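Nothing in this text is a laboratory measurement; each read-out follows from the coordinates by a stated rule. What you see is a predicted model, and the numbers here were worked out from it, not measured in a lab. Here the Cβ is made from the backbone with ideal geometry for all residues, glycine too, and neighbour counts use every protein chain on show.
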Amino acid sequence: MSSIAKTRDEIEDEVARMQASRAQAAQSADNANRVSMASAGGYDGDVAGSQSFATSISTMDEDADDDDASNFERASRSTGAVQRLVDSVRLQGEEQDPFADSKKKTIRDRESDYQLQRFNRMISPERADPFAADATPRPHDRTYADVMQDSMVENEQKLVMRKIQQKQREEEEKKKEEEQQQQQQQQQQQQQRQEAQKEQPQATPDSGVTTASTSSGTGMASRWDATPVRPESGSGAGASRWDDEGTPARKKSRWDQTPAAAGTGRRRSRWDETPKDAMGAATAATPNFAAMSTPMAMGMATPTPGQMGAMTPDQRQRVRWEKDMDERNRPLSDEDLDMMLPTEGFKILEPPASYQPIRTPSRRIYSTPTPMSGMAGFSIPLEDKAAKASDLGLPTLADESLPSLKPEDEAHFAKLMQDVDEGQLDADARKERAIMKLLLRIKNGTPPMRKTALRQITDKAREFGPGPLFNQILPLLMSPSLEDQERHFLVKVIDRILYKLDDLVRPYVHKILVVIEPLLIDEDYYARVEGREIISNLAKAAGLASMISVMRPDIDNVDEYVRNITARAFAVVASALGIPSLLPFLKAVCRSKKSWQARHTGIKIVQQIAVLMGCAVLPHLRNLVKIVEHGLQDNEPKVKTITALALAALAESAAPYGIESFDQVLLPLYHGISQQRSKALAAFLKAIGFIIPLMDPDAANYYTREVMGVLIREFQSPDDEMKKIVLKVVKQCCGTDGVDAAYIRDEILPHFFKHFWNVRMSLDRRNYAQLVETTVELANKVGAPEMVSRLVNDLNDENEGYRKMVVDAIDKILRNLGAADIDKELERQLMESMLFAFQEQTTEDDVLLNGFGSVVNALGKRTRDYLPQICGTILWRLNNKSAKVRQQAADLVSRIAVVMNDCGEIKLMNNLGVVLYEYLGEEYPEVLGSILGALKSLVNVIGMERMQPPVKDLLPRLTPILKNRHEKVQENCIDLVGRIADRGPEYVSPKEWMRICFELLELLKAHKKAIRRATVNTFGYIAKAIGPQDVLATLLNNLKVQERQLRVCTTVAIAIVAETCSPFTVLPGLMNEYRVPELNVQNGVLKSLSFLFEYIGEMGKDYIYAVTPLLQDALMDRDAVHRQTACTAIKHMSLGVYGFGNEDALTHLLNFVWPNIFETSPHVINAVMDAIGGLRVALGPSRILSYTLQGLFHPARKVRQVYWKIYNTLYIGCQDALVAYYPSFDDENKRSYRRRELEYVL
Amino acid sequence: MAESRYNIHSQQEHLQSKYMGTGHADTTKHEWVTNQHRDTYTSMIGHEGLMDYVSIAENESRERTRFNLLQRMISPCGPPVKKADAE
């Protein structure tokens, strides 16, 4: 197997050689086991390998010494290795936690710097509700004017801070530069001096830096000449303090806090005070911690002992770990010792009088930062469990019924840890505790606990009032240790209570928004959906006017982050309350003269509305476009860009309608394209790209030509983002009807291939995808040959990633367009290059496999000449060492089998079949599955009789493979076996089929439904082939097993066997089995009957009298499942025999079904109602009505309810037919109840 | 599982209750019979043959009969029985 076989003869030789070598191997294996009398015999050769034994023992001493020495050396070396290992573990241990992967990640851990800015916002205090009935704000309420003023001051302050920072930075730079110059001068002087007194070493008196630099030799001057690298802001570890502050609001300095608070004394409340605690210092070190800048509802004011909540995750981790160790290493108590030591033979000695136990309170306090013990300085450990836990620093709750508390929760739930008498608390405190308990249950409790707590908090929402609720929920949501699930529950709480509170939430809208808005930019899709839902509910509860007045101050915030999430929130409000209601506001904002930020946000809102609502913007398209259009001429470049992006989003949502709305922006966009550069240009191009597909063909053609100049110019842009946009626009432009093929071929393609089809583009995943997409779109216009001929040479490129991209494009083009227009020469080139690319691949994935498959299938019969070569490659790769290669080769066989058959290459296929058969001993399940799949596709196209290897050899090889537990193997194997059982059962002996039957039972356990279904069907085929008796016996035995899934599948199999071999062959045995006094078996039989009657339909009329006694017995059984299953069987049976005159038997059965109508178990009652429904169809409604009339006016309500339910089903099913069967009534009390029209006689 | 079954059940009941003519445990005889009458008239109007039969018996034109039947549907059994009446 040194070279790849190329011709048919070579392949046959190859196959023959392979078979021979296998036979030989088997033979030699056989020989090796025998040992001839005279020879020494290869004892244990296979155990120890052939070379590892010394055949003689050396007698030379020095050799032995030598050995000792080397042994010793080896030993010491090996201990060194152990040491190294230990060291490495120890080193690692300090830096990384080996369990880090398995730990739950908090939301905070995965957020980007941008998203983390949410911690910098403040949960703002309540605001006055101007829409309330008594609209006069109370003196301490914050009104709209207050808020606007505050936000203005804040913005101004931020701007000033930025300016100050910039100035400081500049000064710093200046200073640095000066210093450097000085140093440079000094250096030069030194050098001069050095040159003057060459031999004398000299010490520099200056700073450490200069010392180091001078001592390191002569090359120094050049180092100083280079511009000093100043750490850029955002460049990571080396960033200085000042740089850090360059990014706004990342660090919370004193100045960043709202100044208004200090002035009024309202905001500067107890929250700002640093908690007095040892841990407090640690907190202060981490500057942007939410707890410090946001007013916690309860946390900081209460002197929580350890301030667990105020620690960084790292610290918390460490403390938790320490506690864990402490708990394990805690001193043994007397009880512990009593338990461990035998009671007899030991005496407990009194400690000597002089003994003083070592008590180091300081250390105790340190290791157990529980406040209770900490405040006292020292406490005698109590013996009860709770005290022990608290001694170890684990938070404990006074109330035992509450779920356990995590250390991080301590800050929030501190009050629950104190044991107080609730009766003595005032109403507010009691309320607070109640809410806290409910929240804790929701956050940490078990599902049932959570459910009841959620219901309670919802029911009592109005009673608690919005203030106390939100004051607790919102800080919890801002907690940095929050996990996804916890957040989900808390958000759910808000959602539920919003409904209840309704307009009471108005003062808290901004508070809630601050916490919920960040969900809108979460990376998790469901978080975004949740956030949207909350905001839209909030909007519905609070109303548009208060939403606008609350969010208005954020619109021109200096902070881009705040503006971004506010825009998104506004879009959600628009979708909740309707776009028209928001239009006047948007119009005003987008024209704001005061600040460009407001205009920017306004336009961004429009963009987000388009993204969020899709085609729902269509009715308001003209208005929306009108609102943003002036942004294209704005002075601020950012506003221009966002306007173009908003137009792009609008056009995308409106497609394919609404071009007339964009008329007035076409010209500005077009002019913009020739004026703008870089980012703005990209946005403008994007807008044009989305608008062109909406145009009619002529206009599209015109604009495409106009834009193309710029596009082609930008083809060479090095910017990745620009490339992607350009590609997208090219795709959109060329996809329209108006652009003709000749234009694309002559004007676009040359540049397109020159700039885009290169190795660089294949490196980035998204570029790659966009390029392939655009290429396919272009190919749709210019045709496959044009494109393929340009691409085909690149298949021989030396870069594999690039080759894959080419294959991917060719694959998609040929799948779309077929290969009918590809000429002989191109076809040859294509096949050869494909083969080259296929053989040269080093990492096997689906791209090349799919590509090769589509090329072969597209060419169809024209592949004939290349098939030997392809098969040679497959054979060669099937023998490869790497499992992936083998798997891919087998997969390729299944893709091209149909084409090979079309080409009439039966011989080649047989060769492949034989080789695949040889490889059935494959170890890797993935590969084995593919090989089985390949064999299956070969069998499918060749047919049973012509298959090589013959089916009678193939099937016995498959029997043991059925035992394989791997899903892919199972599925392919059962498919193949089922195929053979279906089409060619006569090639295999019945005995073999029986053996397979037994193996199949195991397959019923498979998790995958497709496998179970294939198995059950195979039973049918086998039963058809060898007669049902043996198969049935096997299956009936299987009814005795415990597992439900197995029994269910078995009953289905029995029903299928009965269906394929006609029921009379199976029913006697099946009914006989019902006599086995075992619940599972009897139920299995009933279930089989149910499936059986479902499958055979009207054939059931011949068997109904046979099974009636059995069903009658089952319907009288004590076991509810018996009755249930029998009812299901009756349903199927009665529906099958409708109209065949079996009413007598069915009426008989109805008499046994009817008493079950009062069942309460849902499964049973459903089955009973179904059976009655089936019988209604078969017997007609009159019979059922006459049964029903008995109970419609029964004195007991329970009875009436059931009867009316049956009556309703009956009535809806046969309303018209019932007219004839209603009982006749006499008139009473002057009411005419007789239906006189029915008494007419002619 | 069981719960969802229950739900399906209650859904079914809810669905049925939306149809005119269905009943429940508190349906009175008067309501029930009224519905029967209306169904009967509907059936007569709907079936060609029955329509002919009734119009011959009443000696009216088909259209007049149809109109009469529709009129009779308004209150086929007279005014509803008062609570005291029924008990």
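A few points about this structure:
- Coupling constants for the range A:1068-1083 follow from the phi torsions by the Karplus curve (6.51 cos²θ - 1.76 cosθ + 1.60, θ = phi - 60°), and in residue order they are x, x, 5, 5, 4, 5, 5, 6, 5, x, 9, 4, 4, 5, 4, 4 Hz; glycine and proline get x.
- Rounded to whole Å, the principal axis extents of the Cα atoms in the range A:757-867 read 37, 32, 20, largest first.
- Of the trypsin sites (Lys or Arg not before Pro) found in the range A:602-690, the ones in coil according to DSSP and having at most 10 other Cβ atoms within 10 Å of their Cβ are A:Arg677.
- A:Glu1228 long-range amide H proximity, modeled H, under 5 Å: A:Tyr1233
- Ordered by the number of other Cβ atoms lying within 10 Å of each residue's own Cβ, fewest first, A:Lys511, A:Lys6, A:Lys406 fall into the sequence A:Lys6, A:Lys406, A:Lys511.
- Around the amide H of A:Glu483, modelled in the peptide plane, lie the amide H atoms of A:Ile107, all under 5 Å away and 5 or more residues distant in sequence or on another chain.
- 30 Å Cα-Cα reach of B:Lys29 towards lysines, excluding residues that sit fewer than 8 places from it in its own chain: A:Lys1198, A:Lys1205, A:Lys1230, B:Lys18, B:Lys82, B:Lys83
- For a straight C-alpha distance cut-off of 26 angstrom, the lysines reachable from A:Lys460 (same-chain residues fewer than eight places away being disregarded) are A:Lys415, A:Lys431, A:Lys437, A:Lys443, A:Lys451, A:Lys492, A:Lys500, A:Lys511, A:Lys540.
- Taking the square roots of 5 times each eigenvalue of the Cα gyration tensor of the range A:567-641, largest first, gives ellipsoid semi-axes of 20, 12, 11 Å.
- Exposure proxy ranking for B:Cys77, A:Cys615, A:Cys1127, based on other Cβ atoms within 10 angstrom of each Cβ and starting from the fewest, stands as A:Cys615, B:Cys77, A:Cys1127.
- Sequence-distant lysines (8 or more away, or on other chains) whose Cα lies within less than 25 Å of A:Lys167: A:Lys158, A:Lys175, A:Lys176, A:Lys251, A:Lys252, A:Lys638
- Integer Hz, Karplus 6.51/-1.76/1.60 couplings in order for the range A:1146-1152, x for Gly and Pro: 5, 4, 4, 5, 4, 4, 8
- Restricting the range B:26-87 to trypsin sites (Lys or Arg not before Pro) that sit in a DSSP loop and have at most 16 other Cβ atoms within 10 Å of their own Cβ leaves B:Lys82.
- Proximal charge balance of A:Gln888 [Cβ under 10 Å; K/R count +1, D/E count -1]: -1
- The mean count of C-beta atoms from other chains within 10 Å of the C-beta of residues in B:19-31, rounded to a whole number, is 5.
- Counting all C-alpha pairs of the range A:1012-1091, share separated by more than 14 Å (%): 54 percent
- Among the GluC sites (Glu not before Pro) in the range A:916-976, those placed in a DSSP loop whose Cβ has at most 11 other Cβ atoms within 10 Å are A:Glu923, A:Glu945.
- Sorting B:Thr28, A:Thr643, A:Thr1125, A:Thr1034 from the fewest to the most surrounding beta carbons within 10 angstrom yields B:Thr28, A:Thr1034, A:Thr1125, A:Thr643.
- Gyration tensor verdict on the range A:1110-1241 (Cα atoms; rounded if a/c is under 1.5, prolate if a/b is larger than b/c, oblate otherwise): oblate
- Computed over neighbours whose Cβ is under 13 Å from that of A:Leu727, the net charge equals -1, Lys and Arg +1, Asp and Glu -1.
- Under a 5 Å amide H cut-off, with hydrogens placed 1.01 Å from N, A:Arg142 pairs with A:Ala128 among residues at least 5 apart or on other chains.
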